[in-house]
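Below is the structure I would like to discuss, written out as structure tokens.
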Amino acid sequence: MINKPDKKPSNPNFSSGPTAKRPGWSILNLQSSLVSRSHRSIECKKKLKEVIDRSKTLLELPQDYILCIMPGSNTGALESSLWSMLGARGVDILAWENFGKDWVIDVVDQLKIKDLNIHDVDYGKLPNLTKVNFNNDVIFTWNGTTSGVRVPNGDWIPSNRKGLTICDATSAIFAMPIDYEKCDVLTWSWQKVLGGEAAHGMLALSPRAVERLESYKPEWPIPKAFRVAENKKIISGIFEGNTINTPSMLCVEDVLDTLNWVEKIGGLEKLFERSNTSLKHISNWIDNTPWIEFMNSDENTRSNTGITFQIKDEWFKKMDETKKRDLMSKVTNTLAKENVAYDINGYPKAPPSFRIWGGGTVEPDDVSALLPWIDWAYGETKINLD
Ligand SMILES: Cc1ncc(COP(=O)(O)O)c(C=O)c1O
């Protein structure tokens, strides 16, 4: 029997998206948001442009990359690039967890690309990166949010590639180094590492991606929400503060608030550091806890954001899937009832697992305070099973 810990995390929000708000966040900080104003007004456009400019500066994106705000969160930004750019070449697509697998459905069932290589592996693993054909367009996720597996770096992507690289960076950007020059398209949402609100996505394009948009028009229709080019010409206004449809100025104010905070704490490196400290706390705990293991056994590709781990006790492994999921719900519900951790049951389509968000808005000390509670809740659940 494990004694109930007495120190609770100061913030129990460990969800992997929407993620924890930045420390010190308050709804009162959004009072100067331009609600009820036209997003086409000079004042609103200035704020929208500010999000673009400050994101680019804080991330240190290459000067010649252009950036815009998209509807539909990261999904909207990523699907816009698939619908707008694919079809010019064959496609190699990498999938090792839920979201990569979603993009496979887009490419296979929706866009029906024929010249296709799918590099598909199970949760916890990374596909063989040496097998990717860069004469094709390549779609991949920098960090797999639902399995805790990320690419180690950008070295596997050649600089002289013929195809475009389309990178879903939503749970990576602002949390880990990204080799931007190796990514022709980068997408993310505010609701991930920045702890912002959902519904809006960001799309960054390299000059090669722009060149594709200005030299090629796909055969299929492109919905308005995805349209960043018209008649083989980029719609330049949306890279300067216009938006395709109406944005929420409340969400805009919120992301500006977080970008301010990032700047104040010391920028990107500080966010990386906070996130790595959270991962370190969990690694140390797992090293000293006999019943648990990372879903990803490879330290080189282990995520510091969607930190995913699973029960390795033999009796648990022998249970059928439904019973495993039932036990996971009991443990995580116990933690939620104690108000120490919300939403840390693994992704529904992933194997039964825990997932703790470790992005920079989470206090590493809170992660540290949570871990003894997981030991306790697991112990309590086991006792009550018999
Ligand atoms: C890797 C990855 N891709 C795509 C998505 C979908 O993002 P959104 O819901 O912001 O569109 C998520 C969200 O969790 C994600 O983690």
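Pairs only if they're at least six apart or on different chains, beta carbon under 6 angstrom, first in the range 363-386 and under 12 Å from Thr289 (Cβ atoms), second part of a helix (DSSP H, G or I) and not polar (S, T, N, Q); list them, first residue then second.
These pairs meet every condition: Leu371/Trp285; Tyr378/Val331.
Looking at the range 86-107, can you tell me whether even one residue there is in contact (Cβ under 8 Å) with a residue 12 or more places away in the chain, away from the ligand (no atom under 12 Å from the Cβ), open to solvent by less than 10 Å² (accessible area, probe 1.4 Å) and closer than 30 Å to His39 by Cβ?
Scanning the range 86-107 turns up at least one residue that is in contact (Cβ under 8 Å) with a residue 12 or more places away in the chain, away from the ligand (no atom under 12 Å from the Cβ), open to solvent by less than 10 Å² (accessible area, probe 1.4 Å) and closer than 30 Å to His39 by Cβ.
Given the residues Val121, Val149, which is the only one that is within 16 Å of the ligand (Cβ to nearest atom) and surrounded by fewer than 22 Cβ atoms within 10 Å (Cβ to Cβ)?
Just one listed residue meets the conditions, Val121.
How many residues does the range 171-189 hold that are under 17 Å from Ser206 (Cα atoms) and either of a type in the set (Lys, Arg) or part of a loop (DSSP other than H, G, I, E, B) (or both)?
Of the residues in the range 171-189, 6 are under 17 Å from Ser206 (Cα atoms) and either of a type in the set (Lys, Arg) or part of a loop (DSSP other than H, G, I, E, B) (or both).
Yes or no: the range 12-28 includes at least one residue that is more than 16 Å from the ligand (Cβ to nearest atom) and among the polar types (S, T, N, Q).
yes
What number goes with the only condition from (1) open to solvent by less than 30 Å² (accessible area, probe 1.4 Å); (2) more than 16 Å from the ligand (Cβ to nearest atom); (3) within 21 Å of Trp357 (Cα to Cα) that Gly144 does not pass?
Unmet condition: (2).
How many residues does the range 200-223 contain that are surrounded by 15 or more Cβ atoms within 10 Å (Cβ to Cβ) and of a type in the set (Phe, Trp, Tyr)?
1
Out of the residues in the range 75-85 that are within 12 Å of the ligand (Cβ to nearest atom) and open to solvent by 10 Å² or more (accessible area, probe 1.4 Å), which is farthest from the chain's Cα centre (by Cα)?
Only one residue fits best here, namely Glu79.
Is it the case that some residue within the range 340-351 is of a type in the set (Asp, Glu) and out of contact with any strand residue (DSSP E or B) (no Cβ under 9 Å at 6 or more places or on another chain)?
no
Moving on. Mind telling me which of the residues Gly17, Gly24 ends up being farther than 25 Å from Gly241 by Cβ, touching a Ser or Thr at 6+ places or on another chain (Cβ under 8 Å) and either open to solvent by less than 40 Å² (accessible area, probe 1.4 Å) or touching a residue at least 40 places away in the same chain (Cβ under 8 Å) (or both)?
Matching residue, one of Gly17, Gly24: Gly17.
Within the range 56-73, is there a residue that is within 16 Å of the ligand (Cβ to nearest atom), over 18 Å from Phe140 (Cα atoms), under 17 Å from the mean Cα position of the chain (by Cα) and buried (at least 21 other Cβ atoms within 10 Å of the Cβ)?
Within the range 56-73, one or more residues are within 16 Å of the ligand (Cβ to nearest atom), over 18 Å from Phe140 (Cα atoms), under 17 Å from the mean Cα position of the chain (by Cα) and buried (at least 21 other Cβ atoms within 10 Å of the Cβ).
Which of the following residues is in contact with a Gly (Cβ under 8 Å, 6 or more places away or on another chain) and away from the ligand (no atom under 16 Å from the Cβ): Glu240, Glu181, Glu211?
That would be Glu181, the only listed residue that is in contact with a Gly (Cβ under 8 Å, 6 or more places away or on another chain) and away from the ligand (no atom under 16 Å from the Cβ).
Show the residue pairs meeting these rules: Cβ distance below 6 Å; 6+ apart or different chains; first residue within the range 181-204 and more than 13 Å from Asp168 (Cα to Cα); second residue assigned to a helix (DSSP H, G or I) and within 9 Å of the ligand (Cβ to nearest atom).
Pairs found: Ala198/Ser73; Ala199/Ser73.
Could you list, in sequence order, the residues of the range 35-55 that are surrounded by fewer than 18 Cβ atoms within 10 Å (Cβ to Cβ) and not basic (Lys, Arg)?
Val35, Ser36, Ser38, Ser41, Ile42, Glu43, Glu50, Asp53
The values are calculated or read from the model by the stated rules, or taken from the named source; none is laboratory data. Quick caveat, the model's predicted, so the values are computed rather than measured. Counting neighbours? That spans all protein chains shown, and the Cβs are built from the backbone with ideal geometry, glycine included. Note: accessible area is taken over every heavy atom of the protein model, side chains too, but ligands, DNA and RNA are not part of it. Shrake-Rupley method; radii C 1.70, N 1.55, O 1.52, S 1.80 Å.
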